[in-house]
Structures are given as structure tokens and as C-alpha cells.
Amino acid sequence: MEVEIKLAVPPTVPGGPGALFERLAAQETLAGFPLGAAQRVALRDTYFDTDDGTLAGAGAGLRVRREDGRTLITLKVTQAREDALTRREEYEAPLDLASLREVVERIRPLIGPGTVPFAAFAAGRPAGPLEPVLDVRTERIVRTVGNVATLSLDRVLYPGLAPEPYYDIEVEAAPGLADPAVLRALEAALTAAADGHLRPEGRSKLERGLALLRRR
């Protein structure tokens, strides 16, 4: 179960979103917890759905992620959402034939009996009942927050859909430590660091991207 706080960083934040990210990348603590060394990673996500958006309609998101030479398959299903805090059931594994089969079996009631060819899916092409619906690029700064959470500072790009990047802050609880009070304390500390300019962002990157697609 993934439990996270997600906050949107508006352009009005003092100094701009980029400057806030650099300050947070240099801080030593957050809400009294030590922050680990900042790591910068580049992510490319390709999201899949049926042609009629069955997965999105069920609160599910299926993606292939390319990160530092690794390729991962991820399935998330939203369970609950309250302001900035979201709980999702999550399956993630290196993309191979076995992990694709596992995911397909989990979503079979939604996508029907069609075969999902591995080569086409891994290449980001239409694969049986699934087709690529969204491409998202993320420039991420990651820091551990003690042993309780992971802080991600995301500059998110939607090629061909939005001329300017979106800036998000995500705090994901460590496995087995999904205490909402701790996450809320971290949310409050981040909001204070941004002089109150942050706002809850309940939408996932996928949901926001699909909204941008509908506006075209």
C-alpha cells in the first residue's frame, strides 16, 4: 500500500519553484527528521489504458517507467484520498514477461480476454487491448526523511500538452510506517518552508495529464 502526501508548487512561491527545490535539496532536516543526500534522477513514464479509458475509470494507472537504465512496470489503484493524502494499492517490479503477466491478470476483469504482447508493450506501442495514452517526463530530486518517508521534488513535463512544467512535492511513507500524523507534520513543515504557498494536489500525474489531453 502506497501512502503519500502530494503538494503542488505554484509559480507564486517566493523565488520560484526551482529556487524552493534547491533550498529543500540543501536542508539538513524536515520536521525534526534528518534528510538524506539529494539524488537527481530522470524518469520517463508511458501510461497505458484501453481505448475507452477503462483503467482510469476504475481509479487504476498502469505505466512503464524508464529510470537509470532500469525498466519497471507499475500498477496503482486508488483506495482513498483526503486533500493531499492518497492511499493506493501498488504493484511494481522490473518489467519482464512474468511481471507483465502478473499485472495483466490483476486487470483482466477490466480489459477483457485479449492477449497483451510483451514486445509491443515494452516498446510503448499498442499491445492488444492496451494502448499508450500518455507520455510524462520527470526531473526528480529524491531525499530520505529519516526512516519514515521519502521526499521527491518533481519537475514534471507533458510533451505536446503543456508548454510549461508542473512542480510537485511528494512525501511517500516508508513501508509499514504509514502514520498519517507523521505525513501531516511533514506536509506542514514543507508548507512553512514555502511561506504557505503550497496547495494539496490530489491528482496523480496520470490524472492531470489526462485532463490536459481532454482540453486539446
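Please treat every number below as a calculation from the coordinates, not as lab data. As the structure is a prediction and not an experimental result, all values here were calculated from the model. Neighbour counts run over all protein chains shown; Cβ positions are idealised from the backbone, glycine included.
Numbers at a glance
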quantity	calculated
Extended-chain gain in nm, criterion 0.36 nm per residue less alpha-carbon gap, M1 and Q27	6.5 nm
Mean residue ellipticity (222 nm) of the chain, computed from DSSP H runs ≥ 4 via -39,500 (n - 2.57), nearest 500	-8000 deg cm²/dmol
Normalised alpha carbon radius of gyration of the stretch 157-216 [divisor 2.2 N^0.38 Å]	1.40
Counted charge near P129, where neighbours are those whose Cβ lies closer than 11 Å (Asp, Glu -1; Lys, Arg +1)	-3
Intensity falloff of the chain expressed as log10 I(q)/I(0), Debye formula with alpha-carbon point scatterers, at q = 0.17 Å⁻¹	-1.25
Stokes-Einstein D (µm²/s) once Rh is taken as the Kirkwood radius of the stretch 1-56 over alpha-carbon pairs, at 10 °C in 1.306 mPa s	105 µm²/s
Taking the stretch 30-107 and dividing mean pair separation by its residue count, relative contact order in percent (alpha carbons under 8 Å, at least six apart)	20 percent
Residues R216 and A98, FRET efficiency given R0 of 30 Å [Cβ-Cβ distance, rounded to 0.05]	0.25
Inter-label distance, nm, simple model (7 Å from Cα along the C-beta direction), A119/A19	5.3 nm
Isotropically averaged projected area of the stretch 1-109, using the convex hull of Cα atoms (one quarter of hull area), nm²	9.5 nm²
